[in-house]
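Colleague: Provided herewith is a single structure, encoded as structure tokens, for subsequent inquiry.
The values are calculated or read from the model by the stated rules, or taken from the named source; none is laboratory data. Model, not experiment: these values are computed from the prediction. Here the Cβ positions follow ideal geometry from the backbone for every residue, glycine too, while neighbour counts run over all protein chains shown.
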Amino acid sequence: MDAINLTKSVNWDFIEQVKKESGQNPSFCYQCGNCTAGCPYTHYFDYPVSQVMRLLQTGQKDTILNSRAIWLCATCESCTTRCPCEIDVAHIMDTLRIIARREGRVSEKDIKLFYDTFLDSMKQFGRMYEMGVLLSYNLKSGHLLAGADLGPKALGHGKIHFLPIKIKGRDKVAQIFERFIKKVKKHD
């Protein structure tokens, strides 16, 4: 890995943007490493969580937004729970993903596709329609048989259904999406 020249690549505006959008202050992080020690996915990341926090503190926007770590984070909140400074690190990771999406920097296309498929299901049905998400994701990603071995077991246990379950308040969930889209367009 190449060394990062902090004097040439610092982006102070990025630090402030993340602080504002996340409501968290990354400067409180003193690099204890508890977040990384508790992260179940850290061995898959290009930068462990504590390094993402340090990169954020030093304004390394390009490095962070082009990283795999922000996309592989499962938002399990182990990092947040373990933080002695009470920083919501998982929320910062979410915020970094949102910023990366807005800027078209998606290093893990399949993960973005899954998020999009999941959100489309929520918007349309008011809850996740598991079978629809599975089929849509598999078709769009080209992973046609992914999870096929689990289907019969999940169906047998009533965990997934062939047809979406109609719920009350579907229209209310759709309105949440509409308000969000209006808010995003207003800020663009």
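Colleague: All but one of (1) over 27 Å from Phe180 (Cβ atoms); (2) surrounded by 15 or more Cβ atoms within 10 Å (Cβ to Cβ); (3) not polar (S, T, N, Q) hold for Ala90; state the number of the condition that does not hold.
Modeller: (1)
Colleague: Hey, among His91, His161, His157, which residue is out of contact with any Lys or Arg (no Cβ under 7 Å at 6 or more places or on another chain) and touching a residue at least 60 places away in the same chain (Cβ under 8 Å)?
Modeller: His91
Colleague: Also, I was wondering about something else. Could you please find all residues in region 45-87 being surrounded by fewer than 20 Cβ atoms within 10 Å (Cβ to Cβ) and over 21 Å from Lys20 (Cα atoms)?
Modeller: Residues satisfying the conditions are Phe45, Asp46, Pro48, Arg68, Leu72, Ala74, Cys76, Thr81, Arg82, Pro84.
Colleague: In this structure, does Thr42 turn out to be crowded, with 20+ Cβ neighbours inside 10 Å and closer than 21 Å to Ile176 by Cα?
Modeller: no
Colleague: For region 74-129, please list each of the helices (runs of 4 or more DSSP H) lying entirely inside it that holds at least 3 residues being under 23 Å from Thr36 (Cβ atoms).
Modeller: 78-82, 89-102
Colleague: Testing Lys19 on (1) surrounded by fewer than 21 Cβ atoms within 10 Å (Cβ to Cβ); (2) in contact (Cβ under 8 Å) with a residue 12 or more places away in the chain; (3) outside the structural domain of His143 (by TED's automatic domain parsing); (4) part of a helix (DSSP H, G or I), one condition comes back false. Which one is that?
Modeller: All conditions pass for Lys19, except number (2).
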